[in-house]
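For reference, the structure discussed in these notes is given below.
The values are calculated or read from the model by the stated rules, or taken from the named source; none is laboratory data. Source: prediction; values computed, not measured. Using ideal geometry, Cβ is built from the backbone for each residue, glycine included, and neighbour counts are taken over all protein chains shown.
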Amino acid sequence: MVSTRRGLPGRVGIDAARRTVDASVVARVAALPVTALAELRCTATWRSVQEILAARGRLAVEGRRLADELEPVIGAVGPGPARSALVALRRALYNARRPAGRAWPVEIASGLGPRVAAWLTDLDRHDALVRQLPDLLDQERRGTYEVLRRWVGTDAFGYGVLQAGPAMSAALRQWLASPPGSVPPRQVALRLTRYVARVVAKTSPHATFMMAALGQWSDDGEPVRWDGPWAWRSAVEPNVPLLLRLLTDLARADGGLAALFEVRPNPSLEEDDGRLWYVTGQEAAYSGIAASQPLRRLLHPPYDDLRTQAGGALDRLVDLGVLELHPPVADQAAAHLADLTDRLGTHPAGKALAAVQEALARYPEAARVSEREALQRKVRSAFAELAGDDADRLPDRNLFHENAVVTTPGPRLGLAAWRPVLGDLHAIVDFAAVFDRDGVARLLAADLFAEWFGAGAQVPFGRFHRMLAQRTHPAAPGTPAGELHALMYPWQERHPPGRTPAVPRLDELRDARTAALAAVRELLPETPDALTIDPTVLAALATDRPEFVRPVGSLSCFVQTISSPEGTPMRLVLNGLGPGHGAMRSRVHRLLRVAGVPAGENRLLETEGGMPVEITGLFGSNVNLRSPVAAQEIGYPGVVPSGPATFDLRDLAVRHECGADGLVLVHAGHGTRLRPVYTGMVAPMLLPRTARLLLQLFGDMPSPVMELASVFSRPPESVPARVERTARVSVGRVTVARAAWYVPVREIPRRGKNSAAAHLLALAAWFAEHSLPERCFVSSGDPGAPVRERLHMMRLAKPTYLDLADPALVTLFDRGLDASGSVVVFRELLPDFEAALGLEGDGGPPDRRRHVTEYVVEVGHA
């Protein structure tokens, strides 16, 4: 194996410029092979459609040529029936329509007659194909049901659907139990096809639809190597936020359970100017109460007296938020159910949790879907005991979550083959730093801090936070305070940011961003031809930016390999960028341990710019469960830390420093500089605002003002009048923008009252007219929509797979247009399915082992 750089454990140095990659690589493997979609194609129907379109093209070209050649013949014929017949024939030829009759004047028989006869024969062939198409389509579509039945009957698919949709799972089992050859209900077939397309074409993280693995860099010559055989296993976790909420609700009416809960002061609680200030887990705003001496005494342990005091003193303090009452388990506990069962002992809630634990322990070993469904019912029954009278309000699904992990050795990526593309990735990441939103926010916050508190000052974090809340608001566009608010809360923005002469560095940064974007856009071709940008061009652009612009120290690059001719350098397509510092690795590491797969130790994080301190809260989502990456964590309101080695919010202070950093986060007591880190899977912009503030101003996370693909392409800024195409763009060996077609939704042929065959013909002709690929990914959007509609836009932007040769996908596409944005985006299928990874031990012949695979490569700087 390759060695790591000394002093920076868990990273691999790749060049003399101190560029590194994390020693672990996350692989995300689609559960079903690409063969599943290939076998669902109606190939004979699609071939017939292509023949029809080709015949139409020939008929149009030859018909107009014949019509032009008939012109002088018509001119030479005097008025009468012959001339009228020739005029009618010419009109029919020109419009590629069948003439009213086949009789034409004898004088053209020796010249154009044979060619007209050949044209009519071709028209007959075309018409016959059109007449036969509905029956051919229906016959082939019925033939795909058995193929669909085979693939949806696999374990990975059945387990995934059971978690994704219980009603759909029941319909699936009913169909699978019917005799071979049974046709499923129309809606069931369509929904199953949608699921299959999702499972095959995308590395969807839901349930068992995707398998995750940890791989390593190696000295092997092969770009990617999986040592077979290949196997996977379920990793099952309870819905921890739901579980903790049910226990908390139960404790309000159950004193015996409440006595087992942990009491602690709010970790943000601090005294300032005679008042106690704090934020709660709801994050509405800072609250303040008078800091009386009796209240101060109540806020120090032990809290046994508070539990027994008459009048419910503990309850009042908990309701205020100055004290917190938590179930006795850490947010990031390795085994929540085991810990809670142990702490709750013989309490009825403990017995209910023990039943959940027993059912979930058996769940991965249950081979039949019916067995798993029975275990689901046991889990629901136990949760219902906890919910009591509110049992009917339990969610229909997701009482627990299932993921899948690869239990056999993960991939080995040959560093020698990857080194050139890793260099290109670093060039892209370095260049993209000028488009980071948080860098601007840090500049503004530093200047405002100096104005409020003085240059070089240090104040408690809570005081700084309250000042920001009071003095930054959306009603002051064009001022430093107003612009900082717009950057921190872009979904509330009502005015476009203006230029602010009071912040010269901000104007300098905006000028650099505008210049960088213009320089890239000048390189883009006017035609839709593919473009490759030399990475040194981006490096040169990066050197011209202000010195205070710094790339994020660690980024996750989501990439797929592209097929390259043997002997040529490997190529990648970059799907997106995300948080680094072990974010993806830590989630997979935890899932491996949950599944009982040896995973070793998760490497602890080292960062430049301070001691790493981790924000470990669940914040309402199981996807925030992960293995720790830092030895220290931030004590956060509403979060139970994993151990005593924490820095509470009240321990933090903000210090102003001259130079590029401006503001730094430090420990208020000993002055140690701290670097907040968050490695959860929930988008940072969806976190509570205090966590967002810590990460935006003092952390090290990407926060782009625009998608990277949009930087390297020229998407329309408003609804286009016609189809607009953007080219595929690569930086060196890394594709950063796929070829795309932006289409007003109104321009796309709809089925309406047409038959499926007629709609397919119209859609195929439209695709051919605009050179759209028959297989692609489709999404939509509303150009110019307010940023505050980001959640709606995110839903529209999710791509779905479309293959015109699959009639079910065509139907789903047509129906999806009813809820589409104003612009539909078609993107090329890159990499093509032929580049999918071949996995050993997957069963079946080699051509059935290719799975779509995405790698998460973490790049950074030593």
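A few notes on this one:
- Any hit, region 88-106, residues being at pLDDT 85 or above, over 17 Å from Val61 (Cα atoms) and either hydrophobic (A, V, I, L, M, F, W, C) or surrounded by 13 or more Cβ atoms within 10 Å (Cβ to Cβ) (or both): yes
- One residue stands out in region 740-755 among those that are part of a strand (DSSP E or B) and of a type outside the set (A, V, I, L, M): the one that is farthest from Arg722 (Cα to Cα), namely Trp741.
- Residue within region 195-212 that is crowded, with 22+ Cβ neighbours inside 10 Å and over 25 Å from Met681 (Cα atoms) present: no
- Residue in region 582-590 that is at negative phi, small (Gly, Ala, Ser), outside any helix (DSSP H, G or I) and within 24 Å of the chain's Cα centre (by Cα) present: no
- Scope region 546-581; condition assigned to a loop (DSSP other than H, G, I, E, B), closer than 24 Å to Arg437 by Cβ and in contact (Cβ under 8 Å) with a residue 60 or more places away in the chain; matching residues: Glu547, Phe548, Val549, Arg550, Pro551, Val552, Gly553, Gly580, His581
- Contact map, region 81-101: residues that are closer than 18 Å to Arg65 by Cβ paired with residues that are surrounded by fewer than 16 Cβ atoms within 10 Å (Cβ to Cβ) and among the charged types (D, E, K, R), Cβ distance under 6 Å, separation 6+ or inter-chain. Pairs shown: Tyr94/Arg64.
- Scanning region 188-210 for residues that are of a type outside the set (Val, Ile, Thr) and under 19 Å from Val26 (Cβ atoms) gives Lys202, Ser204, Pro205, His206, Ala207, Phe209, Met210.
- Test result for Thr543, among the polar types (S, T, N, Q), farther than 30 Å from Ala338 by Cα and either surrounded by 15 or more Cβ atoms within 10 Å (Cβ to Cβ) or without any contact (Cβ under 8 Å) to a residue 12 or more places away in the chain (or both): yes
- Listing of helices (runs of 4 or more DSSP H) fully contained in region 295-390 that carry 1 or more residues being within 38 Å of the chain's Cα centre (by Cα): 313-320, 336-344, 348-362, 369-387
- Test: residue in region 735-746 that is farther than 23 Å from Glu522 by Cα, touching a Phe, Trp or Tyr at 6+ places or on another chain (Cβ under 9 Å) and in contact (Cβ under 8 Å) with a residue 24 or more places away in the chain: yes
- In region 322-346, the residues that are free of Cβ contacts under 8 Å to residues at least 40 places away in the same chain form Cβ pairs under 6 Å with partners that are hydrophobic (A, V, I, L, M, F, W, C) and in a helix (DSSP H, G or I), at six or more places apart or across chains, as follows: Thr341/Leu353; Thr341/Ala354.
- Check on Leu399, closer than 21 Å to Ala595 by Cα and out of contact with any Cys (no Cβ under 6 Å at 6 or more places or on another chain): yes
- Looking at Ala445, Ala433, just one residue is modelled with pLDDT under 90, under 25 Å from the mean Cα position of the chain (by Cα) and aliphatic (A, V, I, L, M), and that residue is Ala433.
- Failed item in (1) surrounded by 13 or more Cβ atoms within 10 Å (Cβ to Cβ); (2) modelled with pLDDT of 80 or more; (3) assigned to a helix (DSSP H, G or I), with Arg505 passing the rest: (2)
- Given (1) under 30 Å from Gly414 (Cα atoms); (2) touching a Ser or Thr at 6+ places or on another chain (Cβ under 8 Å), number of the condition Pro241 does not satisfy: (1)
- Any hit, region 19-32, residues being more than 58 Å from the chain's Cα centre (by Cα), modelled with pLDDT under 90 and surrounded by 14 or more Cβ atoms within 10 Å (Cβ to Cβ): no
- In summary, helices (runs of 4 or more DSSP H) completely within region 115-217 and bearing 3 or more residues that are in contact with a Ser or Thr (Cβ under 9 Å, 6 or more places away or on another chain) occur at 155-164, 186-201.
- Residue check for Ala668: within 30 Å of Asp339 (Cα to Cα), in contact (Cβ under 8 Å) with a residue 60 or more places away in the chain and either surrounded by fewer than 21 Cβ atoms within 10 Å (Cβ to Cβ) or not polar (S, T, N, Q) (or both): no
- For Asp392, the requirement of being out of contact with any Lys or Arg (no Cβ under 9 Å at 6 or more places or on another chain), surrounded by 22 or more Cβ atoms within 10 Å (Cβ to Cβ) and not hydrophobic (A, V, I, L, M, F, W, C) is not met.
- Selection count where residues are closer than 20 Å to Leu413 by Cα, part of a loop (DSSP other than H, G, I, E, B), at pLDDT 60 or above and touching a Ser or Thr at 6+ places or on another chain (Cβ under 8 Å), scope region 831-851: 2
Here's the yes/no breakdown for (1) touching a Pro at 6+ places or on another chain (Cβ under 6 Å); (2) surrounded by fewer than 19 Cβ atoms within 10 Å (Cβ to Cβ):
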| residue | (1), (2) |
| --- | --- |
| Gly609 | no, yes |
| Pro612 | no, no |
| Ser621 | no, yes |
| Asn624 | no, no |
| Gly635 | yes, no |
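- The one condition from (1) crowded, with 20+ Cβ neighbours inside 10 Å; (2) under 37 Å from the mean Cα position of the chain (by Cα) that Arg245 does not meet is (1).
- Residue within region 636-650 that is of a type in the set (A, V, I, L, M), in a strand (DSSP E or B), in contact with a His (Cβ under 6 Å, 6 or more places away or on another chain) and in contact (Cβ under 8 Å) with a residue 12 or more places away in the chain present: no
- Exactly one residue out of Thr735, Thr679 is under 20 Å from Val429 (Cα atoms) and in a strand (DSSP E or B): that is Thr735.
- Test: Arg412 is in contact with a strand residue (DSSP E or B) (Cβ under 6 Å, 6 or more places away or on another chain), surrounded by fewer than 22 Cβ atoms within 10 Å (Cβ to Cβ) and farther than 30 Å from Thr543 by Cβ: yes
- Taking region 220-262 as the range and being within 18 Å of Ala338 (Cα to Cα), among the hydrophobic types (A, V, I, L, M, F, W, C) and part of a helix (DSSP H, G or I) as the test, the residues that pass are Val240, Leu242, Leu243, Leu244, Leu246, Leu247, Leu257.
- The set of residues from region 126-164 being out of contact with any helix residue (DSSP H, G or I) (no Cβ under 8 Å at 6 or more places or on another chain) and of a type outside the set (Asp, Glu) comprises Ala128, Arg131, Gln139, Arg142, Gly143, Arg150, Thr154.
- Which numbered condition Ala291 misses (of (1) of a type outside the set (Val, Ile, Thr); (2) surrounded by 12 or more Cβ atoms within 10 Å (Cβ to Cβ); (3) out of contact with any strand residue (DSSP E or B) (no Cβ under 6 Å at 6 or more places or on another chain)): (3)
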